[in-house]
Every structure is written in C-alpha cells, then in structure tokens.
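The values are calculated or read from the model by the stated rules, or taken from the named source; none is laboratory data. Note that this is a predicted model, so its numbers are computed, not measured. Note: ideal-geometry Cβ built from the backbone for every residue, glycine included; neighbour counts use all protein chains shown. With ligands, DNA and RNA removed, areas are computed over all heavy atoms of the protein, side chains included. Shrake-Rupley method; radii C 1.70, N 1.55, O 1.52, S 1.80 Å.
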Amino acid sequence: MNKSTEQFPTPHFSRSIYRFSRIIGRPYVRFALGINTLKVVNRPILTREIQTFREGKQSLIIAFRHTAKEDAPALLAAVKESHLTFLYGRDVLNWAGKATKFLFPRLGFVAVQNRGNNKEGMRYLRKEVSQGRFPLTLAPEGQVTYHSHRCQPIEMGVATMASWALESNKDVTILPIAIGYHYTNSLDSLLRRWQAETGLLLTNQDDRGRLLEACEKSLQLVASFFGLPLSDEPDFLVRRNLLCEALLTLGEQQAGLTCGEGKLLDRLFGLRYAGEDTLFNQKESPRPFVKQASIAYRQAGALHFLRISQVVDILEYLDPFYAEGSNKQNRNIEVALNLLDVNNRLAGGSINTRYSPKRKRATILIGDPIRFQCQETQKGGRRKRLDLMHEAVFQGLQKTSDDLVP
C-alpha cells in the first residue's frame with residue numbers, strides 16, 4: 001500500500017453499513033455523546049433542498065459550523081431525508097479508533113488535508129460535486145472552532161467546490177447550518193472542576209470574575225509548562241496570540257520546519273501533519289536496529305510537538321470576551337469548557353478526550369439557502385466568482401450563528 005492510499009483511504013459506500021449506521025445513530029448520539037434532545041429548526045428548508053438535489057436539479061453543499069466533536073454524528077442522526085457525504089481531516093482516522101477507520105470510507109466519507117495537495121482526492125471530490133448521489137457536507141472554517149455564536153474566517157474550499165458544480169453546468173445551492181448545545185451544567189460547577197484539575201484557587205467572588213481569572217491563569221499554566229516567557233502586554237488576546245506564536249515556533253524548531261511562515265492556522269496544520277506522518281505513516285517492513293531506533297527517537301519528538309499543536313489548537317480560541325455577546329449563559333459555559341480543554345491538551349489529550357457534559361440539548365439551525373446559477377460562470381473571471389461565493393457563505397454562516405438559540 002503506498003503512502004497516498006494510506007493517508008487518503010478511497011471511499012467505497014456500503015449500503016449495509018449505511019443502514020447499520022441509521023439504526024445505531026440515535027442511540028449513539030444519546031448514550032455515547034450525551035445528547036438527550038436533538039432538535040432541527042427550519043427542517044422544511046432542508047427537506048426541500050434535498051428533494052431538489054435528488055431530482056437532479058441542483059448540486060447541494062451543506063456547510064456547517066463545526067463547534068464540537070458531536071457535530072457530525074448529530075447531523076447524521078438528525079437528517080432523515082438523505083445520507084450525507086462528509087469531508088473529514090485525514091488525521092481523524094489516526095486517533096478516532098478502529099471503528100471510525102472502518103466506518104468512514106464505507107459511509108462514503110472523503111478524507112482531505114488542509115493546505116495539502118492530493119490530486120487523487122481532488123479528482124474524486126470534483127466528481128462528487130457534479131455526480132454524487134448524496135449532498136457534500138463540510139465545515140468551511142477548516143477545523144473545530146469551539147464557538148457556537150461566532151464564525152471564524154472560512155477556507156476557499158467550499159467556493160471552489162461550488163464553482164466546480166457551475167462549471168459542470170449545474171446550479172448549486174449552499175445550505176448554511178449552525179449547531180449549538182445547551183448544557184445543564186452551571187458555570188460554577190465547571191470552574192470548580194477547573195480548580196480541582198489545576199490545583200489553583202480562584203479568588204474572585206462572582207462567576208464572571210472567576211472566569212476571567214481562570215483564563216489569565218491558564219495562559220500562565222501553558223507558558224510555564226513549556227518553559228516560555230509570558231508577555232506583560234496588558235491586552236489578553238494579544239498575550240494569547242503571542243504565546244501561540246511562541247509555541248508554534250518551538251514546535252517548528254523541534255519538527256525541523258521553517259519557523260514563522262504563514263498564518264497561524266497554516267503553521268498549525270503544518271505542525272500537526274508533520275507529527276501525524278511521523279507517528280502513523282511509517283512503513284511496517286523490517287529494518288535494521290539502528291533505523292528502528294532512529295524512528296523511535298523521531299516519534300518521541302513528534303509526540304512532543306504534536307502536544308504543542310494540540311495546545312495551540314484550543315488556546316487560539318480561548319477568549320473571555322466572547323462571553324460578552326448575546327446568549328451570555330451559553331457563551332460562558334463554552335469558555336469554561338475551553339478552559340478545561342486546555343488542561344486536557346496539556347495532559348496529552350486531543351479533541352477526542354475533551355470533556356463534554358452529558359444531558360445536553362443539540363439544536364441544528366438550517367439557514368437561508370445560498371444559490372448560484374450555472375449561467376453565472378460567464379460573468380466575470382473565476383477569481384471574482386470565487387471571492388463572491390466565499391463572502392456569501394461566510395455571511396450566511398455568521399447570520400445563522402447569530403440566529404442560533406441552543
């Protein structure tokens with residue numbers, strides 16, 4: 001098996017596996033993920049767009065806000081009108097277990113690599129956009145963003161795929177979806193859990209003050225853990241960003257990557273995949289002892305800079321001021337869960353081991369469809385068309401996030 005095949009498993013949809021997934025979907029969401037209630041708002045819009053897709057009148061791309069590890073299973077269980085072809089990060093199969101590695105390709109899901117260049121995968125995706133039997137479903141922000149009510153900058157992938165559909169003489173609809181969770185936990189209980197995990201005492205009297213204090217102390221914890229200085233810049237977000245930059249530089253040095261090139265997310269993906277490839281894409285054929293020892297040494301190093309990437313992955317979204325918007329109670333809970341996740345990542349965990357409370361309610365809000373007609377390929381250049389699509393999808397996702405009431 002070549003490296004490309006290992007990293008990009010070929011999707012081969014199995015109807016029997018699909019039927020099995022439909023049977024276990026709801027029980028899995030309830031008992032494994034702790035979602036007691038799964039509600040879809042504006043379902044008639046979803047039903048209509050899927051029906052139009054099934055009639056061959058349009059390509060359909062479902063663009064969802066990816067804010068929690070429960071999102072994809074919740075969507076699969078909630079959407080009864082059709083199966084969905086999910087795009088997922090190729091590193092997911094490395095940590096999500098044998099069941100996931102077996103199920104994803106057989107459910108027709110497509111592995112992708114952000115900032116990667118896989119021609120075989122792109123050819124497959126292009127065919128799926130114009131000829132696929134199920135709606136393509138992806139998270140345009142590129143990764144989990146941990147905030148239900150704030151859309152982060154999105155990647156160009158969704159606009160590119162929509163453009164492919166137009167170029168194949170098909171109208172395309174992009175359906176924005178926001179997903180939010182209502183938790184029964186109190187902010188106080190989560191902050192007490194944070195104190196127990198860190199051994200630190202929060203001295204403020206009110207919950208809001210203790211949340212801000214915990215955010216400050218979390219920056220200090222991360223800096224101390226990796227032996228890095230913490231800036232005395234008074235602005236929390238500036239200090240957080242400087243710490244993320246310092247962490248990525250440290251990780252890039254350990255990984256032998258060029259330091260400081262590109263945006264934070266570019267660097268994060270580069271560091272993540274360098275570590276994943278070192279740990280999981282080594283050949284299994286026999287080697288001399290010296291080579292085996294060399295691989296073990298490299299893998300030990302990869303574990304360390306992968307931990308750095310995991311910490312940055314959550315730290316970049318730690319924002320106490322996010323809790324000042326609408327839906328304050330839910331926003332406060334999201335910030336507290338991110339604080340707990342910082343502890344999880346420092347301990348060597350990932351999103352797969354992130355603490356997620358049980359007995360929660362999931363709300364899936366279907367937004368207003370964003371439509372593009374194939375005649376539009378004749379208007380202006382391709383770059384202009386992509387930019388217009390990109391902005392329309394971002395605005396659609398942000399509006400849906402603003403309207404979300406978990």
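Values computed for the structure shown
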{"read-out": "Listed residues Leu138, Leu187, Leu250, most fluctuating in the chain (Gaussian network, C-alpha, under 10 Å)", "value": "Leu250"}
{"read-out": "Within the chain, percent of DSSP bridges classed antiparallel, to nearest 5", "value": "30 percent"}
{"read-out": "Carbon plus sulfur fraction of accessible area for the chain, probe 1.4 Å, in percent", "value": "53 percent"}
{"read-out": "Residue of Asp232, Asp319, Asp387 that the Gaussian network model of the chain assigns the largest fluctuation, springs spanning Cα pairs under 10 Å", "value": "Asp232"}
{"read-out": "Per-residue HN-Hα couplings for the range 222-227 [Karplus 6.51, -1.76, 1.60; θ = phi - 60°; Hz; x = Gly/Pro]", "value": "5, 4, 5, 4, 9, x"}
{"read-out": "Among the listed pairs Lys358/Lys399; Lys170/Lys384; Lys69/Lys127; Lys39/Lys170; Lys127/Lys399; Lys217/Lys328, those beyond 25 Å (Cα-Cα)", "value": "Lys358/Lys399; Lys69/Lys127; Lys39/Lys170; Lys127/Lys399"}
{"read-out": "Under DSSP loop assignment and at most 12 Cβ neighbours within 10 Å, longest GluC sites (Glu not before Pro)-free interval of the chain", "value": "56-260"}
{"read-out": "Most positive-pole-ward Cα, Val335, Leu138, Gln254, against dipole of the chain from beta carbon charges", "value": "Leu138"}
{"read-out": "Vicinal HN-Hα couplings computed from phi for the range 339-346 (Karplus, 6.51 cos²θ - 1.76 cosθ + 1.60; Hz; Gly/Pro x)", "value": "4, 5, 6, 4, 4, 4, 6, 4"}
{"read-out": "Accessible area per residue, Å², the chain with all protein chains present, probe 1.4 Å", "value": "46 Å²"}
{"read-out": "Cα-centred dipole magnitude for the range 187-353, charges only on beta-carbon of K, R (+1) and D, E (-1), debye, nearest 20", "value": "620 debye"}
{"read-out": "Rounded to whole Hz, the Karplus (6.51, -1.76, 1.60) HN-Hα couplings of the range 251-263, x for glycine and proline", "value": "x, 5, 4, 5, 8, x, 9, 5, 7, x, 8, x, 6"}
{"read-out": "Global form of the range 222-267, assessed from the alpha-carbon gyration tensor, a/c cut-off 1.5", "value": "oblate"}
{"read-out": "Highest-fluctuation residue, Trp95, Trp164, Trp194 considered, GNM on the chain with Cα pairs under 10 Å", "value": "Trp95"}
